[in-house]
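> Supplied in structure tokens, the structure appears directly below.
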Amino acid sequence: MFIYLGVLCLSVFPIWYSENNFKDTNKQKNYILYSVIFSALLLILVGSLRSLSVGYDLRSYHEYFVSDYYYNIEKGYVSLSRIVAYLNLDFRVLLILVQSIVIIPIYYVLYKTSKMKWLSVLGYQSLYLYVNSFNILRQSLAMSIFLLATYFLVTMKDNVKSSVTYVGLTIIASLFHVSALLLIPLFFLKFLNLNKWYILGLTGISLVLFLGHNQLLSFLMSLFSREYYGEFTIEIGYATIAIFAAYIGLFLILKQKLPDLYLNNKFLSNILVLALLFNVLWVWFPNHARISMYFYMVVAIYFPTLLYEYYEVTNKRWQIVTYTVCLVGFYALQLMTRDYGGVVPYTILINILMGVFL
């Protein structure tokens, strides 16, 4: 547990310091860039040097790689794995490659969009997205690519090009985990106006989905997959429900002060609202975590900018402090109370330090 908290501090503090302690703008930009790169490399290193005992699914992936037998695995991951094997490289190389593909798009998006990059990094780790990537390799790849897809909807002004890019990247994400296919329709959020009627309507739709969750999920997954995903569910604790309920409360408070949320960026406003509603309603059901995790990523990376916008308007920091304390407390509680995905305790691969691959 302590190594994860140590990595959290080492990856967050340099970015926080860079964003808050330089008067020279150019010098600050350089230090922010360097600290973000350092943070990303640290997470890649820690993820790549872990023992095969860290993460329940990792041992299965190792067996797939060695035997070249991939049961019910998406073609994207299979192709990536077989390319590494074809080049006669070790499984550790595949692990480094996977960890890099997971981390780099996330850090690219937060570097380009977040106005509090340190808090986005904190959210990414505290909501268990980072350490969970040690276990669910394929979905972590899909989540990272999906986040990159949302970035183009957020930043590209051309509606057609941004929508096509989003759909294309989301399809690529589905090659690593089929659940990403369910997120393709979200590009319509770019064209919807955020208002109280939209929020009420979205809440109503979410309640309908909430009541018919089993039938809907079973039907959708039967179109694109087998029963495989239904057999392996992810337990989400009540602490998660509490923290996303807090997101809703914060959003309703902040919305009163920020009628032009994110400078009228429709997609960013709408997907954040959808993410908050979706997670609060659906997090009760563990088998929906496969879908909810994509929205966890959205909240982790984009929500800090909303807090920053509020601070700019009111010059009040209590929301930022409260959010930070909740994140750190939630992360520590999860690490202490459960072996979530077999990632605790963390053990490093001693053989690598001796210059020997497994």
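The values are calculated or read from the model by the stated rules, or taken from the named source; none is laboratory data. Note that the coordinates shown come from a computational prediction; the quantities given were computed from them, not determined experimentally. In this analysis, Cβ positions are derived from the backbone assuming ideal geometry, glycine residues included, and neighbour counts consider all displayed protein chains.
> Suppose we filter the stretch 4-32 for residues that are surrounded by 15 or more Cβ atoms within 10 Å (Cβ to Cβ) and farther than 18 Å from Gly123 by Cβ; how many remain?
Of the residues in that region, 3 qualify.
> Related question: If Tyr77 meets every condition in (1) modelled with pLDDT of 90 or more; (2) over 18 Å from Ser140 (Cβ atoms) apart from one, which number is that one?
With (1) modelled with pLDDT of 90 or more; (2) over 18 Å from Ser140 (Cβ atoms) applied to Tyr77, the lone miss is (2).
> What pairs come out if I take residues in the stretch 155-176 that are outside any helix (DSSP H, G or I) and pair them with residues that are modelled with pLDDT under 90 and surrounded by 14 or more Cβ atoms within 10 Å (Cβ to Cβ) whose C-beta lies under 6 Å away, six or more apart or interchain?
Close Cβ pairs satisfying both conditions: Met156/Ser162; Leu175/Glu74; Phe176/Glu74.
> Moving on. When both residues are 6+ apart or on different chains and their Cβ atoms are under 8 Å apart, which pairs have a first residue that lies in the stretch 1-28 and is closer than 16 Å to Leu119 by Cα, and a second that is modelled with pLDDT of 85 or more and not in a helix (DSSP H, G or I)?
Glu19/Met116
> For Leu110, are the conditions met, namely being surrounded by 18 or more Cβ atoms within 10 Å (Cβ to Cβ) and either over 30 Å from Gln28 (Cα atoms) or charged (D, E, K, R) (or both)?
Criteria not met by Leu110.
> Conditions first: (1) under 19 Å from the mean Cα position of the chain (by Cα); (2) buried (at least 18 other Cβ atoms within 10 Å of the Cβ). Ser100 passes all but one, so which condition is the exception?
Ser100 satisfies all of (1) under 19 Å from the mean Cα position of the chain (by Cα); (2) buried (at least 18 other Cβ atoms within 10 Å of the Cβ) except (2).
> Would you call Ile106 at pLDDT 95 or above and among the β-branched types (Val, Ile, Thr)?
yes
> Shifting gears a bit: If I ask for residues that are within 30 Å of Met156 (Cβ to Cβ), in a helix (DSSP H, G or I), in contact with a Phe, Trp or Tyr (Cβ under 6 Å, 6 or more places away or on another chain) and of a type outside the set (Val, Ile, Thr), which ones from the stretch 84-123 would you list?
Across the stretch 84-123, the qualifying residue is only Trp118.
> Can you report the number of residues in the stretch 50-83 which are touching a residue at least 40 places away in the same chain (Cβ under 8 Å), surrounded by fewer than 19 Cβ atoms within 10 Å (Cβ to Cβ), part of a loop (DSSP other than H, G, I, E, B) and of a type outside the set (Gly, Ala, Ser)?
3
> Can you list residue pairs whose Cβ atoms sit under 6 Å apart, with the first residue in the stretch 284-305 being at pLDDT 75 or above and the second being aromatic (Phe, Trp, Tyr)? Count only pairs 6 or more apart in sequence or on different chains.
From residues that are at pLDDT 75 or above, the pairs are Ser292/Trp282; Tyr294/Phe146; Phe295/Phe278; Ala300/Tyr124.
> Condition test on Ser35, is it surrounded by fewer than 18 Cβ atoms within 10 Å (Cβ to Cβ) and either without any contact (Cβ under 8 Å) to a residue 40 or more places away in the chain or over 23 Å from the mean Cα position of the chain (by Cα) (or both)? Working first, answer last.
Working: surrounded by fewer than 18 Cβ atoms within 10 Å (Cβ to Cβ): no; either without any contact (Cβ under 8 Å) to a residue 40 or more places away in the chain or over 23 Å from the mean Cα position of the chain (by Cα) (or both): yes.
It is false that Ser35 is surrounded by fewer than 18 Cβ atoms within 10 Å (Cβ to Cβ) and either without any contact (Cβ under 8 Å) to a residue 40 or more places away in the chain or over 23 Å from the mean Cα position of the chain (by Cα) (or both).
> Follow-up question, since we're still on this one. Write out, first by first residue and then by second, each pair whose Cβ atoms fall under 7 Å of each other, whose residues are 6+ apart or on separate chains, and whose first residue, in the stretch 139-154, is without any contact (Cβ under 8 Å) to a residue 24 or more places away in the chain and hydrophobic (A, V, I, L, M, F, W, C) while the second is crowded, with 23+ Cβ neighbours inside 10 Å and assigned to a helix (DSSP H, G or I).
Correct list of pairs: Phe152/Tyr166.
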